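Here is the structure we will look at, set down as structure tokens.
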Amino acid sequence: MKTVISYLLTAIIAILFIILVILLVINNTILNAHFVFEKLKENDYYSLIEVNIKSGFENYMKQSGLDEDVFKDIYTKQKIKEDVNMIINDIYGIEEKSIDTTIIQKNLENNIDAYLETNNMKLNEEEKHNMQDLIEKIVNVYDSEISHPVYSDLAKKIIPMAKDMVVVIIPIIIGIIFFFVIILFVVNINQKLNTIKYIAVSALIASIFLIICITLTNIRINIDNIVVLNSNFSLVIVNTLKSIMSKFIYIGMIASITSIIIIFLYNMIALRKEE
């Protein structure tokens with residue numbers, strides 16, 4: 001009877017270990033702004049965003065009939081970096097700020113004025129209206145490429161709530177694990193080393209489960225083909241997912257090796273006692 005109860009508790013603890021590892025990894029990756037900043041830097045996301053912004057300008061540049069130089073130097077790469085980081089900070093509740101496009105609008109207006117003056121061009125009221133409309137569209141391209149408002153607004157609602165939930169759930173899971181470990185210890189009060197063995201078995205089951213799940217995911221889903229928003233953003237998402245999955249594999253491997261060693265040592269000690 002003790003053995004049946006012990007193995008039942010082992011299975012429950014293994015499930016709790018799996019949940020705990022998943023929550024810890026999520027808390028230290030997706031829900032961690034520092035991790036996101038690292039991934040953006042590793043994938044040179046700021047340069048990729050700049051490419052998207054320039055691409056978004058192209059149609060308006062052609063329609064305007066203005067020289068390409070008019071649209072140059074209206075923003076800097078440093079501003080792109082600061083604005084992207086500002087959006088991330090806002091999403092994660094670190095600092096609530098919105099993008100200031102005033103400087104971009106002002107620089108573009110100055111470039112247009114300089115271009116018109118150099119070419120002795122004067123605009124009528126309709127042309128002035130069209131030019132102002134162009135400026136607004138260019139500014140909107142910059143703003144939308146940086147913030148992706150639909151997705152950032154959704155993330156701003158979900159991520160802080162998820163962080164709060166995970167921070168509460170993790171200690172609860174740890175507490176429940178300790179509770180079942182104590183029960184396991186009580187059940188095996190006459191053979192205290194058995195408790196260590198069963199905990200090691202739980203960890204081994206959990207780690208093997210995680211390794212198998214991640215391996216099957218890699219086999220069945222071609223992560224490289226995932227597309228979110230655009231190709232540049234997708235590249236960051238794909239590399240981030242690969243990083244998270246590699247963390248699961250790493251934790252699974254370490255836990256498996258450690259558990260096997262503990263089980264092996266337990267068996268060695270048990271054999272010596274029998275002798």
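Taken together, the values in this text are just the output of simple stated rules run on the coordinates, not laboratory data. Just so we're clear, the structure is a prediction, and the values are computed from it rather than from any experiment. Note that we place each Cβ from the backbone using ideal geometry, even for glycine, and neighbour counts take in every protein chain shown.
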How do V84, V150 rank when sorted from fewest to most other Cβ atoms within 10 Å of their own Cβ? V150, V84
The stretch 64-118-the stretch 1-50 distance, computed between alpha-carbon centres (Å): 37 Å
Using C-alpha positions alone, give me the convex hull volume of the stretch 197-259 per residue in cubic angstrom. 63 Å³
Determine the relative contact order of the chain: mean sequence separation of Cα pairs under 8 Å and six or more apart, normalised by residue count, in whole percent. 30 percent
Just to confirm the number: angle between the C-alpha axis of helix 192-220 and the first principal axis of the chain, 0 to 90 degrees, nearest 10? 40 degrees
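Counting other Cβ atoms within 10 Å, which GluC sites (Glu not before Pro) in the stretch 12-111 have at most 11 and lie in a DSSP loop?
Counting only loop positions with at most 11 other Cβ atoms within 10 Å, the GluC sites (Glu not before Pro) in the stretch 12-111 are E95, E96.
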Space enclosed by the convex hull of the alpha-carbon atoms of the stretch 39-147, per residue, Å³: 95 Å³
Would you mind finding the longest exposed-site-free stretch of the chain, with exposed trypsin sites (Lys or Arg not before Pro) meaning DSSP loop and at most 15 other Cβ atoms within 10 Å? 123-275
Cα centroids of the stretch 124-191 and the stretch 233-273: how far apart, whole angstrom? 27 Å
Residue by residue through the stretch 136-148, the couplings from Karplus 6.51 cos²θ - 1.76 cosθ + 1.60 with θ = phi - 60°, in Hz, x for Gly and Pro, are 5, 5, 5, 5, 5, 4, 4, 4, 5, 5, 7, 9, 6
Quick one: what are the phi-derived ³J(HN,Hα) couplings along the stretch 73-86, Karplus 6.51/-1.76/1.60 with θ = phi - 60°, whole Hz, x for glycine and proline? 6, 8, 8, 10, 5, 5, 5, 4, 4, 5, 5, 4, 4, 5
Considering the values [x] 19.6, 63; [y] 28.4, 104; [z] 26.1, 83, which represents Rg and Dmax of the Cα atoms in Å as calculated for the structure under consideration? [y]
Whole-Hz ³J(HN,Hα) for each residue in the stretch 252-258, computed from phi via Karplus 6.51 cos²θ - 1.76 cosθ + 1.60 with θ = phi - 60°, x for glycine and proline: what do you get? x, 5, 4, 5, 5, 4, 4
The stretch 1-102 - convex hull of alpha carbons, volume per residue in Å³: 134 Å³
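Tell me, what is the percent relative contact order of the stretch 39-147, built from C-alpha pairs under 8 Å that lie six or more residues apart?
Relative contact order of the stretch 39-147: 37 percent.
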Of K77/K156; K54/K163; K39/K72; K72/K157, those spanning more than 32 Å from alpha-carbon to alpha-carbon: K54/K163; K72/K157
